[in-house]
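The values are calculated or read from the model by the stated rules, or taken from the named source; none is laboratory data. Quick caveat, the model's predicted, so the values are computed rather than measured. Reconstructed Cβ throughout: ideal geometry from the backbone, glycine too, with neighbour counts over all protein chains shown. Heads up: the accessible areas ignore ligands, DNA and RNA and are worked out on the full protein's heavy atoms, side chains in. Shrake-Rupley method; radii C 1.70, N 1.55, O 1.52, S 1.80 Å.
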Amino acid sequence: MSKLNESPIRIKSFQFACEIVRFCDTLKENKDFELASQLLRSGTSIGANTREAQRGYSKKDFKYKFGIALKEADETKYWIEILKATGRNVPVELKNKCEEFIRILVSIIKNSELYTHNS
């Protein structure tokens with residue numbers, strides 16, 4: 001396995017996407033199709049953009065893709081909050097993991113800015 005495939009953010013975002021897919025299946029069983037669709041799109045996009053960022057063509061592309069991943073994580077948190085506020089049973093771990101992604105992605109972006117300015 002390459003070092004890229006062993007990246008903690010890549011592994012965690014893939015696992016999170018799988019959890020989102022399973023949770024959205026539950027939402028669909030309860031006829032929450034629109035909310036499931038929104039959450040599925042944003043929740044799986046975090047990992048897709050993280051993966052794209054790691055294959056970026058430049059530092060600017062790297063930072064841009066991680067920025068998109070951060071926006072998707074924030075949107076995912078929004079949909080989780082909507083679900084909770086409207087009485088859906090959302091696993092606490094999903095919200096916690098989403099908030100962890102936000103912190104990690106902010107850190108990656110900030111560190112990439114430092115690296116870019118110092119190089």
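Filter the stretch 50-96 down to the residues that are among the acidic types (D, E) and under 30 Å from D32 (Cβ atoms), then identify the one that is most open to solvent (accessible area, probe 1.4 Å).
Only one residue tops the list, namely E93.
Applying the selection to the stretch 5-35, what residues are under 21 Å from G87 (Cα atoms), part of a helix (DSSP H, G or I) and either under 13 Å from the mean Cα position of the chain (by Cα) or free of Cβ contacts under 8 Å to residues at least 60 places away in the same chain (or both)?
Within the stretch 5-35, E19, I20, V21, R22, C24, D25, T26, K28, E29, F33, E34, L35 meet the criteria.
The rows are residues; the columns are (1) within 28 Å of E6 (Cβ to Cβ); (2) assigned to a helix (DSSP H, G or I).
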| residue | (1), (2) |
| --- | --- |
| S37 | no, yes |
| T44 | yes, yes |
| N49 | yes, yes |
| A53 | yes, yes |
| Y57 | yes, no |
| D61 | yes, yes |
| F66 | yes, yes |
| A73 | yes, yes |
| T76 | yes, yes |
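Is at least one residue of the stretch 99-106 open to solvent by 80 Å² or more (accessible area, probe 1.4 Å), touching a helix residue (DSSP H, G or I) at 6+ places or on another chain (Cβ under 6 Å) and farther than 13 Å from L39 by Cα?
no
Taking the stretch 38-89 on its own, how many of its residues are in contact with a helix residue (DSSP H, G or I) (Cβ under 6 Å, 6 or more places away or on another chain), among the aliphatic types (A, V, I, L, M) and within 17 Å of P8 (Cα to Cα)?
5
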